[in-house]
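Each remark here refers to the structure printed beneath this line.
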Amino acid sequence: RNGPEYGDTALCTFSGRLLESCELFAHEDEARFVVGEHDTTLGLELALRNMKINERALVRVDPKYGYGYTGQASLNPDREAAVPPNAWLEYDVRLCGFVNMSQVELPERKVHAKHHKALGNAAFYRQDYQQALRLYNSVVKLLAGDTEDPEGRVLLVNCHNNIAAAFAKQEEWNKAKEACVEALLLDANNFRGLQRAGECAIALADWDEAEMAWTKALEVDPHSTHVRNSLKKLSSKRVEYQKKQKAMWGGKLAKGLEEDTRNNDQEATPATVREAKAHVETRTEVERSTEQVQQAQAQDEGQQSQRANTAMEKQDKGHPNNGDVGWRPLVQLAGGLLLVYLLTQWNP
């Protein structure tokens, strides 16, 4: 193959100038860029991928393949110019070689790790925290299995601390705290790790942990006035925080109770009205049903009475003497009995 592929580390020498003014904005004699990891501009990376070892090229880069509309600030204003927005760039670059870091020995990996750490620091100082985190994490990945090497261990601890600082700048305190823990697992007496762990604990309102971290930091460096002053202010910060929390939650609780009461009142009235309305409707329905039943009974009784009268009229019309059949025989019988009695009592 001719040039480095994705994941390879390109070793090169380059100088970068602004095309319009010819001002130098970057120069490195032993640069190391991981292809595909955005360690440099896309234009320079594409050029390196198409070069052969020991080949030298003059590369002109369009702004969209350089630093774009944002440009880049200078870390060394006395020696290097800042890159203005939408600037054309020109690189004089020579490819010295390329390697795959997974296949090299520890000494070479440490050299590469130092270079990436320096690039991460540069990204951090220009406030490109995402790029800084990517570079620091690449060092951690590169040296993760070499914790027994003293120099590698120091590089790992420093990068974990830098990762914590980058997360702290973005106020991602839990992630910053995790990075501090990683640093302290490698070196329990690391002052920077202890100091930053206390700062993370303060941001997370973990007062006991902050006190423990800063107390341990003072044991490591008793002359640190910053940590000593932070410990003195810790109690007052705790009380102030508790007061704020009490005021905030007390106000929210009171407001919540007031809203609940108002909501209950608003909900109770319609409910009562609905219940009363339902009760009235039920009562009206019952009364209506009762009246209908009574009307039906009265109508049935009237019809029965009418039918009985009709039947009697028909009977009277068909048998005109039928009405005397019941009492006339009784009168005749009573008259006969009275006559018999009188005859038995008559004495001539």
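The values are calculated or read from the model by the stated rules, or taken from the named source; none is laboratory data. Treat the numbers as computed from the prediction; the structure is a model and nothing was measured. All Cβ positions, glycine included, derive from the backbone under ideal geometry; neighbour counts span all protein chains shown. Heads up: the accessible areas ignore ligands, DNA and RNA and are worked out on the full protein's heavy atoms, side chains in. Shrake-Rupley method; radii C 1.70, N 1.55, O 1.52, S 1.80 Å.
Below are the figures for this structure:
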{"item": "Enumeration of residues in segment 129-154 that are more than 13 Å from residue 106 (Cα to Cα) and either buried (at least 20 other Cβ atoms within 10 Å of the Cβ) or within 29 Å of the chain's Cα centre (by Cα) (or both)", "result": "129, 130, 131, 132, 133, 134, 135, 136, 137, 138"}
{"item": "Pairs, first closer than 10 Å to residue 158 by Cα in segment 185-201, second part of a helix (DSSP H, G or I) and acidic (Asp, Glu), C-beta under 9 Å, six or more apart", "result": "193/182"}
{"item": "Filter result (over 16 Å from residue 26 (Cβ atoms) and aromatic (Phe, Trp, Tyr)) within segment 62-79", "result": "69"}
{"item": "Residue within segment 227-235 that is among the hydroxyl-bearing types (Ser, Thr, Tyr), modelled with pLDDT of 75 or more and within 23 Å of residue 160 (Cα to Cα) present", "result": "yes"}
{"item": "For residue 109: the one exception among (1) open to solvent by 20 Å² or more (accessible area, probe 1.4 Å); (2) part of a strand (DSSP E or B)", "result": "(2)"}
{"item": "Within segment 188-237, tally of residues that are open to solvent by less than 60 Å² (accessible area, probe 1.4 Å) and either among the charged types (D, E, K, R) or not in a helix (DSSP H, G or I) (or both)", "result": "7"}
{"item": "Residue match in segment 88-100 (condition: polar (S, T, N, Q), assigned to a loop (DSSP other than H, G, I, E, B), farther than 30 Å from residue 200 by Cβ and in contact (Cβ under 8 Å) with a residue 60 or more places away in the chain)", "result": "yes"}
{"item": "In segment 112-159, the residues that are of a type in the set (D, E, K, R), out of contact with any Leu (no Cβ under 8 Å at 6 or more places or on another chain), more than 17 Å from residue 40 (Cβ to Cβ) and assigned to a helix (DSSP H, G or I)", "result": "141, 151"}
{"item": "Residue match in segment 135-151 (condition: in contact (Cβ under 8 Å) with a residue 60 or more places away in the chain and closer than 20 Å to residue 119 by Cα)", "result": "yes"}
